[in-house]
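So the structure is just underneath, and the comments pick up after that.
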Amino acid sequence: MLETRRGLSVHGLEVTLGGRPVLRGVALEVAPGEVVALEGASGAGKTSLLRALAGLLPHAGQIVSGGARPALVFQQHALAGRLTAAGNVLVGALGRCGFWRPALGLWPAAERDAAADCLARVGLAGFGDRRAAHLSGGQRQRVAVARALMQRAPVLLADEPVASLDPENAAAVLGLLHTLAREQGLAVLVALHQPVLAAQFADRRLRLEAGRIIGT
């Protein structure tokens, strides 16, 4: 049996949007250090599932994620182009620091150091002062991963994180997620629509069809 004490464990997850059931009794497990690919056709409910797990959609059922809300990497990275790479990563610390001091640029030194460390962990050491708008697509997605790491959550979710990247950058970002899972014991659930990449980088593959999980 998978060790899920600090991983992700989901039972009976239900989501209804606009009166229409989107997710129906979803159950899944992701262990620390494991990468699980979530596949499925467009409209199958992959994004709704990840958003529900991240606490961004109302839902019923049980989600256990190591005592912390999972961190979510969005498909289009969702960075602020006018902010630097470090500034975007620091957004991941808002849950610890509150809003007003950061809004004035008064981040604690320890958090600034942590942001630099997160950038280094995704291969962007020395990029902290570069504006996000001036980064490549692959670099922006790495910043988004660094921001998720900044949340210090034991579970990392990624919603089609390589959909807009070329094959080389797609493989690099997924390889990064795989390495982070192994080295830091993160439980990683990543939605993908490329079966070849899922087979290459995931430890297991699940499929979502009509709001239900198919797979092991």
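For this structure, a couple of remarks:
- Test result for residue 86, touching a strand residue (DSSP E or B) at 6+ places or on another chain (Cβ under 6 Å), among the aliphatic types (A, V, I, L, M), surrounded by 14 or more Cβ atoms within 10 Å (Cβ to Cβ) and under 16 Å from residue 146 (Cβ atoms): no
- Those residues of segment 13-25 which are surrounded by 14 or more Cβ atoms within 10 Å (Cβ to Cβ) and either in contact (Cβ under 8 Å) with a residue 60 or more places away in the chain or within 22 Å of the chain's Cα centre (by Cα) (or both), in sequence order: 13, 14, 15, 22, 23, 24, 25
- Each residue in segment 139-155 was checked for being in a strand (DSSP E or B) and out of contact with any Pro (no Cβ under 7 Å at 6 or more places or on another chain), and 0 of them qualify.
- Summed over segment 55-70, the residues that are at pLDDT 90 or above and surrounded by 14 or more Cβ atoms within 10 Å (Cβ to Cβ) give a count of 8.
- Residues located in segment 158-216, provided they are over 19 Å from residue 141 (Cβ atoms) and polar (S, T, N, Q): 216
- Residue within segment 40-47 that is farther than 28 Å from residue 136 by Cα, loosely packed, with under 13 Cβ neighbours inside 10 Å and free of Cβ contacts under 8 Å to residues at least 60 places away in the same chain present: yes
- Only listed residue being hydrophobic (A, V, I, L, M, F, W, C) and buried (at least 22 other Cβ atoms within 10 Å of the Cβ), chosen from 109, 146: 146
- Selected residue (only one of 92, 128, 55, 66 is part of a loop (DSSP other than H, G, I, E, B), within 19 Å of the chain's Cα centre (by Cα) and touching a residue at least 40 places away in the same chain (Cβ under 8 Å)): 66
- Selection of segment 26-52 for residues being assigned to a loop (DSSP other than H, G, I, E, B), modelled with pLDDT of 95 or more and touching a helix residue (DSSP H, G or I) at 6+ places or on another chain (Cβ under 6 Å) yields only 33.
- When segment 71-102 is filtered for residues that are modelled with pLDDT of 80 or more and at positive phi, only 78 remains.
- Checked across segment 35-46, the condition of being in contact with a Leu (Cβ under 7 Å, 6 or more places away or on another chain), farther than 28 Å from residue 198 by Cα and not basic (Lys, Arg) holds for no residue.
The values are calculated or read from the model by the stated rules, or taken from the named source; none is laboratory data. As the structure is a prediction and not an experimental result, all values here were calculated from the model. Glycine also receives a Cβ, built like all others from the backbone with ideal geometry; neighbour counts cover every protein chain displayed.
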